[in-house]
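FYI, it's all coordinate maths here, none of it is from the lab. Just so we're clear, the structure is a prediction, and the values are computed from it rather than from any experiment. Note that each Cβ is placed from the backbone with ideal geometry, even for glycine, and that neighbours are counted across all protein chains shown.
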Amino acid sequence: MGKRQFAVIGLGRFGTSVALTLAEMGFEVMGIDRNEELVENVKDYITYAVCADVHEEKVLESLGIRNFDVVIVAIGDDLQASILITLILKEMGIEHVVVKAVNDIHGKVLEKVGADKVVFPERDMGMRLAHYLARANILDFIEISEEYSLIEAKVPAKMVDKTLREIDLRSKYGVSVLAIKRGHQVIVSPPADQRLSASDVLILVGGNRELDRFSRM
Ligand code: ADP
């Protein structure tokens, strides 16, 4: 199987970041924007950088968009363009279309027109930052679903020098320890007799309510 190929439509801050990161990882990436300057900015770093307005099927067709496994629509401000382009891509039979939404209604419409994945980068980053700021011992936060999340947290003072068996997070707090970060080392699926130290970082998964209770400790 060959390497997957990605096309990014819209080279604003989000699209550019996606395109450059994929290119750095060694993937073939085509970046498209109607703004020449934005195309210039990335052209030395990605496989193809094209200046075009792609609101019509024939333009997308002429760019060979059908050859790409994943197309990312990274247009924020122009909702009409974002929805229309998503619809055209799905009608053309592109297997995997990922679209950036700016709000819930935009997201709902994108799902209706067939987007395979809708992402909300501003909302998600805002949530992560709020969780980080609100709870002194939460270092990072990733929403897995509406009910479940994954967090990185400091070890609460009363758990320092205790083993996982002693603190029994799963039955007492309803959260599971996936891993422990200790300096540069990561202890994945730590054993029950693993003792925690004050500088450890816990990677926990659980229900939002349970994680919230844990983080108030
Ligand atoms: P961000 O918030 O990530 O910076 P923007 O909404 O500012 O995102 O950027 C979207 C980009 O998409 C802009 O650079 C704009 O020129 C481009 N764009 C919007 N509509 C089209 C279109 N029909 N064809 C090509 N590029 C488009």
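Stick to the Cα atoms of the stretch 77-125, pair each with every other, and give me the Kirkwood hydrodynamic radius in Å at one decimal. Spell out each step's value before the answer.
Details: mean 1/r = 0.0938 Å⁻¹.
About 10.7 Å, per the Kirkwood formula over Cα pairs.
Can you give me the long-range amide H partners of V186? Hydrogens built in the peptide plane at 1.01 Å from N, cutoff under 5 Å, separation of 5 or more residues or another chain.
none
Which whole-angstrom value gives the distance between the alpha carbon centres of the stretch 4-70 and the stretch 93-125?
The stretch 4-70 and the stretch 93-125 have Cα centres separated by 18 Å.
Testing the spin-label approximation: label points 7 Å from Cα along Cα→Cβ at V160 and E95. State their distance in nm.
5.1
Quick one: length gained pulling S145 to M217 fully straight, 0.36 nm per residue minus the C-alpha distance? Working shown, then result.
Working: separation 72, 0.36 × 72 = 25.92 nm, distance 2.37 nm.
Value of the extension gain: 23.6 nm.
Give me the net charge for the shell around D77: Cβ to Cβ below 14 angstrom, other residues only, Lys and Arg +1, Asp and Glu -1. Please report the intermediate quantities before stating the final value.
Details: positive: R13, R34, K100; negative: D33, D78, E122.
Value of the local net charge: 0.
Of K43/K117; K90/K117; K158/K181, which pairs sit farther than 21 Å apart, going by alpha carbon to alpha carbon? Numbers along the way, then the final one.
On the way: K43/K117 27 Å; K90/K117 12 Å; K158/K181 18 Å.
Beyond 21 Å: K43/K117.
If you take the beta carbon distance between Y132 and V186 as r and set R0 to 22 Å, what does 1/(1 + (r/R0)^6) give as a FRET efficiency, to the nearest 0.05? Don't skip to the answer; put the middle values down first.
Numbers: r = 20 Å, r/R0 = 0.92.
The value I calculate is 0.65.
With Rg and the Kirkwood Rh both taken from Cα atoms, where does Rg over Rh land for the chain? Please report the intermediate quantities before stating the final value.
Numbers: Rg = 21.6 Å, Rh = 19.7 Å.
Over the Cα atoms of the chain, Rg/Rh equals 1.10.
Which loop GluC sites (Glu not before Pro) in the stretch 84-114, with loop taken from DSSP, have no more than 16 other Cβ atoms within 10 angstrom of their Cβ? Working shown, then result.
Working: sites: E91, E95, E111; in loops: E95.
Of the GluC sites (Glu not before Pro), the ones in loops of the stretch 84-114 whose Cβ has at most 16 other Cβ atoms within 10 Å are E95.
Please build a GNM for the chain, connecting alpha carbons under 10 Å apart, and tell me which residue among Q185, Q80, Q194 fluctuates the most.
Q185
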